[in-house]
């Protein structure tokens with residue numbers, strides 16, 4: 001690696017635990033649905049995404065395949081590799097870093113999905129396909145900076161491909177499909193405009209990053225940035241142990257993921273959370289389970305625990321809860337904590353003069369007097385991410 005190729009180490013990022021946790025769980029289980037990172041300029045959004053690639057395990061691919069097909073998994077192969085595999089042809093393989101594809105804001109639809117050459121179909125009777133960015137991102141990361149400024153029909157197209165894992169291109173009755181399984185990561189500055197609600201909900205996780213308030217943390221950010229710019233290779237080498245540990249934990253979690261099942265108790269807790277949070281549809285429940293499962297796998301637990309569900313809820317629910325008057329991000333997080341702990345079982349905060357039916361819901365489901373709940377003032381945590389990084393600290397400094 002040349003000095004100009006060095007990336008700032010993921011483990012060297014100061015703070016932003018929620019952001020780093022969201023990226024880690026998506027690496028463990030890409031079906032979570034990607035992550036939307038919201039925050040002001042200069043808060044490390046792009047740096048985090050680019051550096052994250054360095055802690056992802058390398059992947060085995062069919063040599064020369066533009067779709068990075070796995071050499072031993074027929075279900076995830078493109079049409080060409082599958083045909084060769086079924087014929088028993090040997091597939092030469094190689095190991096490559098996880099692909100990271102940047103999607104420019106001025107990209108056209110053909111540049112993203114690829115192009116079918118209609119002349120070849122009409123005059124030669126063959127299908128010729130020029131792969132696009134979705135092909136390049138297969139089994140990797142597709143990164144969209146300022147996703148809120150991308151044209152709506154392109155956002156819709158990308159979210160569809162991310163959800164289905166397939167890119168389908170149709171032109172004049174001719175169609176072509178190829179695998180498109182990738183982690184979709186979008187960053188945006190809310191000051192430049194919001195993402196439409198129907199698109200916002202389709203991102204699996206959403207995290208809000210902000211300028212760190214601690215003077216100590218701010219000074220450490222400057223110190224590490226200057227050290228990196230002065231001698232990139234030395235700085236990266238100094239964080240190699242932490243990067244290796246994180247990469248090893250992610251790989252182990254990927255292998256452990258299939259061990260977990262949905263117990264009735266876990267499912268009941270997840271459904272209760274989503275229902276009382278007032279989320280529309282059922283995407284929230286599914287994503288909470290997948291995120292909690294990834295957290296359990298990362299922390300080497302035998303089963304999904306309540307703290308995993310609560311941590312998952314803090315990443316899944318914020319962008320799916322409608323903000324009321326005088327509410328902000330902190331209030332939303334406090335409410336999610338209250339829901340997770342059974343301190344706010346109704347979909348809306350109880351107001352004076354609540355009906356007898358509302359009173360009975362509190363009493364029947366929780367056996368608690370609602371007036372007592374109103375007196376409990378337990379603030380929410382400042383950010384998600386504590387579970388992952390407490391675990392890494394214990395792995396590095398075992399007692």
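The values are calculated or read from the model by the stated rules, or taken from the named source; none is laboratory data. Since this is a predicted model, take the numbers as computed values, not measurements. Cβ atoms come from the backbone with ideal geometry, glycine included; neighbour counts cover every protein chain shown.
Values computed for the structure shown
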read-out: Residue match in the stretch 18-31 (condition: surrounded by fewer than 24 Cβ atoms within 10 Å (Cβ to Cβ), out of contact with any helix residue (DSSP H, G or I) (no Cβ under 8 Å at 6 or more places or on another chain) and either touching a residue at least 24 places away in the same chain (Cβ under 8 Å) or closer than 29 Å to residue 199 by Cβ (or both)); value: yes
read-out: Test: residue in the stretch 187-195 that is in the same structural domain as residue 143 (by TED's automatic domain parsing) and assigned to a strand (DSSP E or B); value: yes
read-out: Enumeration of residues in the stretch 299-311 that are over 17 Å from residue 250 (Cβ atoms) and part of a helix (DSSP H, G or I); value: 306, 307, 309, 310
read-out: Test result for residue 208, within 27 Å of residue 294 (Cβ to Cβ), surrounded by fewer than 19 Cβ atoms within 10 Å (Cβ to Cβ) and within 18 Å of the chain's Cα centre (by Cα); value: no
read-out: Options 228, 199: the member that is in the same structural domain as residue 35 (by TED's automatic domain parsing), surrounded by 15 or more Cβ atoms within 10 Å (Cβ to Cβ) and in contact with a helix residue (DSSP H, G or I) (Cβ under 7 Å, 6 or more places away or on another chain); value: 199
read-out: When residues of the stretch 175-196 are limited to those that are under 23 Å from residue 75 (Cα atoms) and surrounded by fewer than 22 Cβ atoms within 10 Å (Cβ to Cβ), the one nearest to the chain's Cα centre (by Cα); value: 181
read-out: Tally, over the stretch 130-149, of residues that are surrounded by fewer than 20 Cβ atoms within 10 Å (Cβ to Cβ), in contact (Cβ under 8 Å) with a residue 60 or more places away in the chain and in a loop (DSSP other than H, G, I, E, B); value: 1
read-out: Residue 235 being over 19 Å from the mean Cα position of the chain (by Cα) and either modelled with pLDDT under 90 or surrounded by 15 or more Cβ atoms within 10 Å (Cβ to Cβ) (or both); value: yes
read-out: Options 265, 242; residue that is in contact with a helix residue (DSSP H, G or I) (Cβ under 8 Å, 6 or more places away or on another chain), assigned to a helix (DSSP H, G or I) and either crowded, with 17+ Cβ neighbours inside 10 Å or at negative phi (or both); value: 242
read-out: Residue check, residue 91 surrounded by 16 or more Cβ atoms within 10 Å (Cβ to Cβ) and at pLDDT below 90; value: yes
read-out: Filter result for residue 276 (in a helix (DSSP H, G or I) and in contact with a strand residue (DSSP E or B) (Cβ under 7 Å, 6 or more places away or on another chain)); value: no
read-out: Selection status of residue 291, within 30 Å of residue 150 (Cα to Cα) and part of a helix (DSSP H, G or I); value: yes
